[in-house]
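Enquirer: Structure in structure tokens, see below.
Values in this text are rule-based calculations from the coordinates and carry no lab data. What you are looking at is a predicted structure, and each value in this text was computed from that prediction instead of being measured.
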Amino acid sequence: MPDIVTHQQQVEHNRKASAYLQQAGDVYLDWAVTVLFYTALHLVDQVLYHNARFHPRNHYQRHAAIANEPALVPIYGDYRELEHQSRRSRYECARFTPDEVERLSTRLAHIEQTVNVSTLDSGVDKRS
């Protein structure tokens, strides 16, 4: 299972992929939304590993863990909205405008800020 560094590398990779997809115009914004969600997922998994050495095996475990992790409770609404829009993109063939993607990017930024400020003390493992 990935450690904190591996999750962070995936976050960076996903950021670049989302930016690339957004630069392509309106054509791939559905995939940009999906990548935004998976960026949030890796941020959440970083915290769960950092604070509890927990690796969710599926979305149900991740949701339960978010609800029980004080550092993640403030971002649960943002996470759920990103997940919902990603599912709309993948299963309902939803299309998105640049403004909608920007709004979802703001939700991701809130998740990232909360994760960095609340939990990850410059990558130092709190459980050591």
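Enquirer: Rounded to the nearest 500 deg cm²/dmol, what is the calculated helix-only ellipticity per residue at 222 nm for the chain, with -39500 (n - 2.57) per DSSP H run of length n ≥ 4?
Expert: -24000 deg cm²/dmol
Enquirer: Calculate the radius of gyration of the Cα atoms of the chain to one decimal place, then report Dmax, the largest Cα-Cα distance, as a whole number, both in Å.
Expert: 14.4, 46
Enquirer: Counting pairs of alpha carbon atoms under 8 Å apart in space and at least six apart in sequence, what relative contact order in percent does the chain give?
Expert: The value is 32 percent.
Enquirer: A follow-up question, please. Which one, 26, 99, 78, has the greatest fluctuation when you compute a Gaussian network model over the chain with C-alpha springs under 10 angstrom?
Expert: 99
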